[in-house]
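Below is one structure, written out as structure tokens; comments come after it.
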Amino acid sequence: MQVYLVGGAVRDSLLGLPVKERDWVVIGATREELLRANYREVGRDFPVFLHPGTHEEYALARLERKVSPGYRGFTVEFGPQVTLEQDLARRDLTINAIAQSDDGTLLDPYGGRRDLEARVLRHVSPAFAEDPVRILRVARFAARFASLGFRVAPETNELMQAMVERGEVEALVPERVWQETDKALHEASAAEFFRVLRGCGALRSIYPEIDVLFGVPQPEKWHPEIDTGVHTLMVLDQAALLSGDAKVRFAALLHDLGKGTTPRAEWPSHRGHEARSVELIESLCERLRVPGEYRELAVIVARYHGNAHRAFELRPDTILEMLEKADAFRRPARFSQALLACEADSRGRLGLENAPYPQRQYLHEAQSAAAAVKPGGAQLAQLNGPKMAEWLHAARLQAITAVRDGRGRD
């Protein structure tokens with residue numbers, strides 16, 4: 001029996017990055033041998049075991065063969081007859097197909113070290129095309145390593161394009177699409193995930209609501225970049241700089257979906273796109289089974305980002321209405337997240353990436369002042385439910401007005 005460290009631990013160590021978890025492959029052993037050594041079996045589709053001491057994952061070397069469409073259409077062969085080279089050959093990218101022995105020796109039959117040095121994401125073998133999830137994984141690795149200069153190899157992009165043309169991505173299940181998307185949204189260069197998907201044509205099938213934004217013009221006066229799709233990914237770039245919260249980034253990504261359904265005759269104007277964006281967000285989140293907290297924030301940003309941008313022009317009663325409908329008094333943290341996404345929208349424009357966004361501070365102050373209003377003893381004693389609501393509304397309006405007037409004096 002031989003044991004090798006494999007996958008991300010080897011890759012990240014060679015890149016000088018922190019190793020978060022370690023996975024091992026076992027060559028020349030059987031399931032029964034590992035069970036006798038007190039390893040605990042946890043794999044559902046193939047034998048994976050937890051080490052009795054470290055609880056790290058140990059998998060028996062295996063082969064995979066495609067037998068039907070989709071990412072589950074595989075038969076798996078495992079056992080002592082499977083070699084290390086055969087096990088590594090089934091992996092997606094060469095940089096993930098490097099093994100390390102106990103003495104530190106690297107086994108690299110597919111040129112992973114070369115591609116690490118060249119900063120290239122390259123598929124290991126033509127078997128890559130058998131699993132459409134690998135398209136999502138390549139896009140996610142592109143998002144993770146973009147800051148290090150990694151790019152997708154041209155031949156790998158061509159292979160992904162061929163997979164899309166054959167309809168392989170249609171077999172992706174919603175849960176897996178969202179799982180990979182959520183991971184990508186946590187990466188520093190999250191927008192690269194969507195750029196790579198678009199580059200191979202997969203965005204059109206997986207996220208058609210986003211793909212259709214490319215080529216849709218906006219008024220150059222407000223959007224020097226003009227193209228709505230370009231703007232959308234610029235906004236995601238800015239959201240990634242402003243916040244590590246994947247929910248903020250998701251909301252920033254989807255805020256303008258309604259512009260993709262504007263009638264061509266109305267271009268470059270997009271009146272009413274906010275309401276259309278909300279409908280599309282609801283549909284997208286339903287299709288991919290997106291968690292509710294992501295959907296709720298995205299809906300708030302889509303509906304109110306225009307008001308946030310015009311905050312200094314709004315009457316206090318309009319600001320209060322927005323705060324109430326956005327549930328900003330009960331959910332102040334979520335409202336703060338929404339304002340971050342709005343700032344990303346403002347800064348996600350060509351030449352305005354570093355422009356200030358004082359609206360966020362102003363709306364924070366308005367929300368805080370209104371939220372601080374509390375009924376005193378006299379109000380509690382004299383006012384019933386409807387009357388109390390009227391008093392609270394009027395007092396909050398007065399507080400917001402004071403913030404506005406105080407800003408004017410400043």
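The values are calculated or read from the model by the stated rules, or taken from the named source; none is laboratory data. Since the structure is predicted, the reported quantities are computational estimates derived from the model, not experimental observations. FYI the Cβ positions are ideal-geometry reconstructions off the backbone, even for glycines, and counts take in every protein chain you see.
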Pick from L314, L288, L339: which is of a type in the set (A, V, I, L, M, F, W, C) and farther than 22 Å from K259 by Cα?
L314
Return the residues of the range 134-174 that are in contact with a Lys or Arg (Cβ under 6 Å, 6 or more places away or on another chain) and not basic (K, R); say none if nothing qualifies.
G149, F150, A153, T156, P174
For the range 218-225, does any single residue satisfy the condition of being of a type outside the set (D, E), in a helix (DSSP H, G or I) and surrounded by 19 or more Cβ atoms within 10 Å (Cβ to Cβ)?
no
Checked against (1) modelled with pLDDT of 95 or more; (2) under 26 Å from A341 (Cβ atoms), A188 satisfies every condition except (1)
Confirm whether V235 is closer than 25 Å to T181 by Cα and either in contact with a helix residue (DSSP H, G or I) (Cβ under 6 Å, 6 or more places away or on another chain) or hydroxyl-bearing (S, T, Y) (or both).
yes
Residues of the range 138-161 satisfying the condition of being in contact (Cβ under 8 Å) with a residue 24 or more places away in the chain, part of a helix (DSSP H, G or I), more than 23 Å from E64 (Cα to Cα) and of a type outside the set (A, V, I, L, M, F, W, C)
R144, S147
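Rundown of residues vs (1) at pLDDT below 95; (2) of a type in the set (S, T, N, Q); (3) surrounded by fewer than 20 Cβ atoms within 10 Å (Cβ to Cβ); (4) over 26 Å from P356 (Cβ atoms), yes/no style:
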{"position": "R287", "(1), (2), (3), (4)": "no, no, yes, yes"}
{"position": "V301", "(1), (2), (3), (4)": "no, no, no, no"}
{"position": "H305", "(1), (2), (3), (4)": "no, no, no, no"}
{"position": "T318", "(1), (2), (3), (4)": "no, yes, yes, no"}
Can you run down the residue pairs with Cβ atoms below 6 Å, 6 or more apart or on separate chains, where the first is in the range 109-122 and at positive phi and the partner is of a type outside the set (A, V, I, L, M, F, W, C)?
G111/T94; R119/G149
Entirely in the range 312-410, the helices (runs of 4 or more DSSP H) that have 3 or more residues that are farther than 30 Å from G244 by Cα:
316-325, 377-382, 385-409
Please work out if E170 is in a helix (DSSP H, G or I) and at pLDDT below 95.
yes
Sole residue being free of Cβ contacts under 8 Å to residues at least 60 places away in the same chain, surrounded by fewer than 23 Cβ atoms within 10 Å (Cβ to Cβ) and farther than 17 Å from F141 by Cβ, chosen from S189, S205:
S205
Hits in the range 155-181 (condition: among the polar types (S, T, N, Q) and crowded, with 16+ Cβ neighbours inside 10 Å):
T156, N157, T181
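A quick yes/no check of all residues on (1) over 23 Å from W178 (Cα atoms); (2) assigned by TED's automatic domain parsing to the domain that holds S147; (3) not β-branched (V, I, T):
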position	(1), (2), (3)
H223	yes, no, yes
I226	yes, no, no
F250	no, no, yes
G260	no, no, yes
R276	no, no, yes
S283	no, no, yes
V290	no, no, no
Y304	yes, no, yes
A308	yes, no, yes
The residue from T261, T228 that alone is touching a helix residue (DSSP H, G or I) at 6+ places or on another chain (Cβ under 8 Å) and surrounded by fewer than 19 Cβ atoms within 10 Å (Cβ to Cβ) is T261
Taking V138 as meeting all but one of (1) closer than 20 Å to S283 by Cβ; (2) of a type outside the set (S, T, N, Q); (3) surrounded by 19 or more Cβ atoms within 10 Å (Cβ to Cβ), write down the number of the exception.
(1)
Hits in the range 113-137 (condition: of a type in the set (D, E) and in a helix (DSSP H, G or I)):
D115, E117, E130
Anything in the range 173-199 that is hydroxyl-bearing (S, T, Y) and not in a helix (DSSP H, G or I)? List them, or say none.
S189
